[in-house]
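The values are calculated or read from the model by the stated rules, or taken from the named source; none is laboratory data. All figures in this text were calculated on a predicted structure; none of them were measured in a lab. Positions of Cβ are backbone-derived with ideal geometry, glycine not excepted, and every protein chain shown enters the neighbour counts. What goes into the accessible areas is simple: the full protein's heavy atoms, side chains included, and nothing from ligands, DNA or RNA. Shrake-Rupley method; radii C 1.70, N 1.55, O 1.52, S 1.80 Å.
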Amino acid sequence: MRATRLRGGALLFGAVFCSCSEPAEFPPGFLFGVATAGFQNDPGCPTLPESECVDKGSDWYEFVGSKVVQTSGRGHLSGDPLSAGPGSYELYAQDFDRVKGELAGNAVRLSIEWSRIFPTSTEGLEGAALRQRADPRALAHYHAVFAALRERALTPLVTLNHYTLPSWIHDAEGCHKDLMACTRRGWLDRDKIVREISKYAGFVAREFGAEVDRWATLNEPFAVVLPGYIAPNPERTNPPAALFAMAEARAAMSAMIEAHARMYDAVKAADQADADGDGRAAEVGLVYNLTPAAPRRPDSARDVQGAKNLFYLYNEAFLNGVVRGDLDPNLDGRTVHDAGLAGRMDYLGINYYTRVIVDGTDQPFFPELSPLSTFNPLTSTLFTEYPQGLADMVRYVNGLGLPAYITENGSSDHETPEAAPRYLAGHVASLARALAAGADVRGYFYWTLVDNYEWNHGLELRFGLFALGGDAQKTRTPRPAAAVFRELASSITSSGRIPRGLEQRYPPLPAP
């Protein structure tokens, strides 16, 4: 998940869904739950030893603990220790009780950590040798997690790669110091990482296929590329946090597009078990942080073009590759088709938080990145709350020929008691209107259950429906948004409708 202080959204182009007065009918079997991620939720166990609770084999563990990164000026790290996390590696069953009991949810999105399954290199290993390399404690842990979900009738949606890479494939500190000299280069070692991550995906799908039917390959790939290789900043950094490494950014993006396709193929081949009895063994998609853009002045041709270009670079360039196999290797709008990458998407997961209101420019702001970068990120408004944007992004995804899941949507704004409830109510109401207009959306996952370790922000940003206590017991205290979530979940899962009068109780902010 991409951390920001205020989130919302909107779309620039085309018609929007109708503003229907009657509550929408949510489809049967609609998933309504919470989203989490392993690195963010696992650490901080109250009684388990750190050696078991904390995944020390990931690049992010190395990154947040590195003095080099902390003092370089490009890491933008909070300095919070991982021990401040919610300890869900130990407390997962209690957290699932909260989802089912206190929130009335029916689903959980979570991640499997590659570096937990394979803490050492898998190069050259296949079959029995690969399984022997897998950590038996990690396998047992995830089997226990899925069993706990099943006992509570909670449906899992599992992300195979939620940002983190094993340190044996990515040297976060070394590449941060010198991107040219480091040898374990992560997404820049294209052949190696595509081969090994697809191998990992197939292994996991085979191991857990009888317990999981919904898989996501990668989480927010462009949120790895942009703050990892172009513009690390206080709002978001990602290892290796290189600055204006444009050629490497393009290379990483290209590798991630290919990785998705090969992971998709591997999961489809390995998972032949129908875990939930719906007749489908494996549904495989990608999770993308869709960020709409709007021109600051709709009557300004410069702003309109700048907004179109931003939307293309941030969203369409990557999605065109994974959906249709249309690659834009130079990010200049010129594409080449690769049929071997097309048609490998059963759904698209939408992570939706914010829109950008764009000030256009006459010349490219980042000429080294793309001639299409005719927008000024320094003066554009980056974070606005605009629930209609969720419906607009659903329309965009359905226009690609894909069903959607809302895989993340949430607010860290707790300055007033009504802020996060208003955000939640407004966005679900927007989704309801999209469904009434015929949208194909199959689930909604709120980010997140409990305050967690928000990447470079540590515990500075708190998105939880439950506030995390600072005590040794890692207590969870429900916030006002938790009651709204329960009301929504109970109504949607029982009647297929949102509660009447919801938006009147939580009126949206004026549109920016």
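Roughly how many nanometres apart are two label points built 7 Å out from the Cα toward the Cβ at Glu52 and Asp276?
Placing both labels 7 Å beyond Cα along the Cβ direction yields 3.1 nm.
Provide the FRET efficiency to the nearest 0.05 for the Leu243-Glu126 pair, computing r from the beta carbons and using R0 = 25 Å.
Result of the calculation: an efficiency of 0.05.
With all protein chains present, calculate the accessible area of Thr416 using a 1.4 Å probe and round the result to the nearest 10 Å².
Spelled out: Thr416, probe radius 1.4 Å, area about 60 Å².
At a threshold of 8 angstrom on Cα-Cα distance, excluding pairs fewer than six apart, so keeping six or more, what relative contact order does segment 263-389 reach in percent?
The value is 27 percent.
Taking amide hydrogens as modeled 1.01 Å from N in the peptide plane, which residues meet the under 5 Å criterion relative to Glu460, leaving out close sequence neighbours?
The answer is Glu454.
Let me have the 222 nm mean residue ellipticity of the chain computed from DSSP H runs of 4+ only, each contributing -39500 (n - 2.57), with the sum over all residues rounded to the nearest 500.
Details: 18 runs with 180 residues, N = 512.
Calculated at 222 nm, the ellipticity per residue is -10500 deg cm²/dmol.
Using amide H atoms built in the peptide plane, which far-off residues or other-chain residues are under 5 Å from Gly349 H to H?
Leu286, Val287, Tyr288, Tyr405
Could you check what % of the DSSP bridge pairs in segment 287-424 are antiparallel, to the nearest 5?
Bridges in segment 287-424 that DSSP calls antiparallel: roughly 30 percent.
Taking the full set of protein chains and a 1.4 angstrom probe, give the accessible area of Phe366 in square angstrom, rounded to the nearest 10.
The accessible area of Phe366 comes to roughly 40 Å².
Calculate how many DSSP beta bridges within the chain are antiparallel, expressed in % of all such bridges and rounded to the nearest 5.
Expressed as a percentage, antiparallel bridges in the chain total about 20.
Once volume of the Cα convex hull per residue in Å³ is worked out from the coordinates, which option in [x] 156; [y] 179; [z] 135 does it equal?
[z]
Mean separation of Cα pairs under 8 Å and 6+ residues apart, divided by the residue count of segment 209-302: what relative contact order is that in percent?
39 percent
Can you tell me how segment 209-368 classifies by the Cα gyration tensor, rounded, prolate or oblate, using a/c under 1.5 as the rounded cut?
prolate
Kirkwood Rh, Cα Rg: Rg to Rh for segment 376-512?
Numbers: Rg = 16.0 Å, Rh = 16.2 Å.
Using Cα coordinates only, the ratio equals 0.99.
Just to be sure I understand: of the beta bridges DSSP finds with both ends in segment 339-498, what percent are antiparallel, rounded to 5? Before the final figure, lay out the partial values.
Values: 5 of 12 bridges.
Roughly 40 percent of the beta bridges in segment 339-498 run antiparallel, per DSSP.
Please turn the phi angles of segment 482-492 into ³J(HN,Hα) values with the Karplus equation 6.51 cos²θ - 1.76 cosθ + 1.60 (θ = phi - 60°), one per residue in order, whole Hz, x for glycine and proline.
5, 5, 5, 4, 4, 4, 5, 4, 4, 6, 5
Largest first, what is the accessible-area ranking of Trp168, Trp455 with a 1.4 Å probe?
Ranked from most to least accessible, the order is Trp168, Trp455.
Skipping prolines and chain starts, which residues have an amide H placed within reach, meaning under 5 Å, of the one on Ser373, given they are 5 or more residues away or on another chain?
Residues meeting the amide H criterion: Phe365, Phe366.
Using a Cα-Cα cut-off of under 28 Å, which lysines could be cross-linked to Lys56, ignoring same-chain neighbours fewer than 8 residues away?
Lys67, Lys177, Lys192, Lys199, Lys474
From the phi angles alone, apply the Karplus equation (6.51, -1.76, 1.60; θ = phi - 60°) to segment 446-456 and give each ³J(HN,Hα) in whole Hz, x where the residue is Gly or Pro.
Result, rounded to whole Hz: 7, 9, 8, 6, 9, 3, 9, 8, 7, 6, 5.
Loop-only check: which chymotrypsin sites (Phe, Trp or Tyr not before Pro) in segment 210-309 are DSSP coil with at most 15 other Cβ within 10 angstrom?
Passing sites in segment 210-309 are Phe244.
Mind checking the dipole of segment 470-512: about its Cα centre, +1 per Lys or Arg Cβ, -1 per Asp or Glu Cβ, Debye to the nearest 20?
My answer is approximately 80 debye.
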